[in-house]
Amino acid sequence: MLQHSSSNALGDHILQIPLSDRWRIYHRLQELMIPCSCPPDGSLRVQVNSCLTVILVHSTVKQFVASRQELIDWLEQCWQL
């Protein structure tokens, strides 16, 4: 389950990502040049500096943790917009 904890809209955000997905998400965010780190506590820390970064992080996390049906529904909603 994905959990998010942070006190402000922009800045450092801490995501509690399932361990099985954390490194894949981390590497994808690195490819997108989004500053992030994986501290020993099991969380994923992401530096959010813009609305675009928020969208990219959301999309990346969703890609890895959502079920196939959730992704299909999301894609269909995108096509309707």
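Hey, could you check region 63-81 for residues that are of a type outside the set (S, T, N, Q) and part of a loop (DSSP other than H, G, I, E, B) and say which is most open to solvent (accessible area, probe 1.4 Å)?
81
Filter region 41-62 for residues that are closer than 14 Å to residue 12 by Cα and of a type in the set (A, V, I, L, M, F, W, C); which is most open to solvent (accessible area, probe 1.4 Å)?
Out of the qualifying residues, it is 51.
Within region 15-62, which residues are of a type in the set (S, T, N, Q) and assigned to a strand (DSSP E or B)?
Within region 15-62, 16, 37, 47 meet the criteria.
If you take the residues in region 8-39 that are out of contact with any strand residue (DSSP E or B) (no Cβ under 9 Å at 6 or more places or on another chain) and either basic (Lys, Arg) or touching a residue at least 60 places away in the same chain (Cβ under 8 Å) (or both), which one is farthest from residue 58 (Cα to Cα)?
24
The values are calculated or read from the model by the stated rules, or taken from the named source; none is laboratory data. Fair warning: this is a prediction, and the values are worked out from it, not measured in the lab. Note that we place each Cβ from the backbone using ideal geometry, even for glycine, and neighbour counts take in every protein chain shown. Side chains are part of the model used for accessible areas, which takes the heavy atoms of the whole protein and leaves out ligands, DNA and RNA. Shrake-Rupley method; radii C 1.70, N 1.55, O 1.52, S 1.80 Å.
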